[in-house]
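Some notes on the structure that comes next.
The values are calculated or read from the model by the stated rules, or taken from the named source; none is laboratory data. Keep in mind that what you see is a predicted model, and the values were worked out from it rather than measured. For neighbour counting, all protein chains shown are included, and Cβ atoms are generated from backbone atoms with ideal geometry for every residue, glycine included. Note: areas computed on protein heavy atoms with side chains; ligands, DNA, RNA excluded. Shrake-Rupley method; radii C 1.70, N 1.55, O 1.52, S 1.80 Å.
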Amino acid sequence: MDREAVAVNPGPLRVLAHFVPGDKVLDFLAPHQDWLDVRFCAEDDDETFYRELPEAEVLWHVLRPISGDDLHRALRLRLVHKLGAGVNTIDVDTATQLGILVANMPGANAPSVAEGTILLMLAALRRLPELDRTTRAGRGWPSDPTLGETVRDLGSCTVGLIGYGNVAKQVERIAQAMGAEVIHTSTRDTGHPRWRSLPDLLAASDVVSLHLPLTDATRGLLGPDQLAAMKPGAVVVNTARGPIIDEPALIDALKSGRLGAAGLDVFETEPLPHDSPLLELPNAVYTPHVAWYTADTMRRYLTAGVENCRRIHDGEPPANVVNKVT
Ligand code: OXD
């Protein structure tokens, strides 16, 4: 069967939500039940996913990649709505060819990702994983004297933000409130007094944090040369997308002690494979691409998700569409 041959659904708008809901999610959606039929599916449950996909009119996408083949199977699909900002996990070209809209939710997770970024900066700077381990092992005292030689206050650091969108601006506000000097770079010189070229930013920053989408232009942006151009002992934080950093080069720089530490929420391959060499590094701290995942962001996502469904239901164009469908 092809998309044209599919009869119009006369019932409630059918949504396939690619995550497992908690009670707060279900309570939020309950008042919309008469016009919105939301089916849930865990991201690793392909059996449910492929059973529900052909009937779904809207897909609430999180991170499990949506391939061209998936989209071909989605005979009724009108909108893939990314719960978040980055649409690199969706085959947007195929969606466009099939007449399926792709939208995102710019800024909706920015407060949570910004706080998650600061969390990783502090955890990496203060060596939180190591201190947690020694405390649990009853080896807390005498304290490691290298703490007093090497650990830095974030408020005494220069923080360099690569990218200057919603998340970066919130990280900037928090870091500045803590006393840090914050500089940033973006694709072109904006004339902003704290804008720096990438080489100048890397040379000046004690902490470098990534806040840009994954595109052909940003893949591998921080490679061996850029990592070597950073201050000795500097800290790298990535809550954007893993492939923006050359992961083997980062591992080498952390292993050799050229870089002091890293705090990563995103990886070249997700979920992080259990045999990743990253897991052997004592000077790194990780979270599994959840910097965005808080009850507050979920409320903002559901608000935006339901609003776009309402627009489709009422025959209006959805908001924040990123592709052009004719
Ligand atoms: C995003 C994400 O793209 O966190 O916002 O996945």
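With all pairs of separate Cα atoms included, region 109-286 yields a Kirkwood hydrodynamic radius of 16.4 Å. At a Förster radius of 22 Å, what calculated FRET efficiency corresponds to the Cβ-Cβ distance of Ser197 and Gln176, to the nearest 0.05? Efficiency, from the Cβ-Cβ distance: 0.55.
Our estimate of slack between Glu270 and Asp189, defined as 0.36 nm per intervening residue step minus the Cα-Cα distance, is 25.8 nm. Using only alpha carbons, the chain has a radius of gyration to Kirkwood radius ratio (Rg to Rh) of 1.02. Per-residue accessible area (protein heavy atoms, 1.4 Å probe) orders Asp23, Asp37, Asp46 as Asp23, Asp46, Asp37, starting from the largest. The residue among Ala177, Ala249, Leu279 whose Cα reaches farthest toward the positive pole of the charge dipole of region 109-286, with charges on the beta-carbon of Lys, Arg, Asp and Glu, is Ala177. A simple spin-label model places the labels of Arg152 and Asp93 4.1 nm from each other, with each point 7 Å out along Cα-to-Cβ.
Within the listed set His313, His81, His184, the residue fluctuating most in the Gaussian network model of the chain (springs between alpha-carbon atoms under 10 angstrom) is His313.
Accessible surface for Thr297 stands near 0 Å², nearest 10, in the context of the full protein assembly shown (1.4 Å probe). Spin-label model, Gln33/Arg51: points 7 Å from Cα along the beta carbon direction are separated by 2.1 nm. Compared with the direct C-alpha span, the chain from Ser67 to Leu26 gains 12.0 nm at full extension, assuming 0.36 nm per residue. Here's how it looks for Val102: its modeled amide H is under 5 Å from those of Val80, Val322, Asn323, which are all 5 or more places away or on a different chain. Given +1 at the Cβ of Lys and Arg, -1 at the Cβ of Asp and Glu and no other charges, the dipole of the chain around its Cα centre is 820 debye to the nearest 20. Each of Lys231, Lys324, Lys169 has its accessible area taken with a 1.4 Å probe; listed largest first, they run Lys324, Lys169, Lys231. List the lysines whose Cα sits under 26 Å from the Cα of Lys231, skipping any in the same chain fewer than 8 residues away. Excluding near neighbours in sequence, the set is Lys169, Lys255. Please give, to one decimal in nm, the separation of the simple spin-label points placed at Glu130 and Glu307, each 7 Å out from Cα toward the Cβ. According to this spin-label approximation, the distance is 4.6 nm. Across region 87-173, Cα-Cα distances exceeding 17 Å account for 66% of all pairs. The local environment of Val290, defined by Cβ-Cβ distances under 13 Å, has a net charge of -4 under the rule Lys, Arg +1 and Asp, Glu -1.
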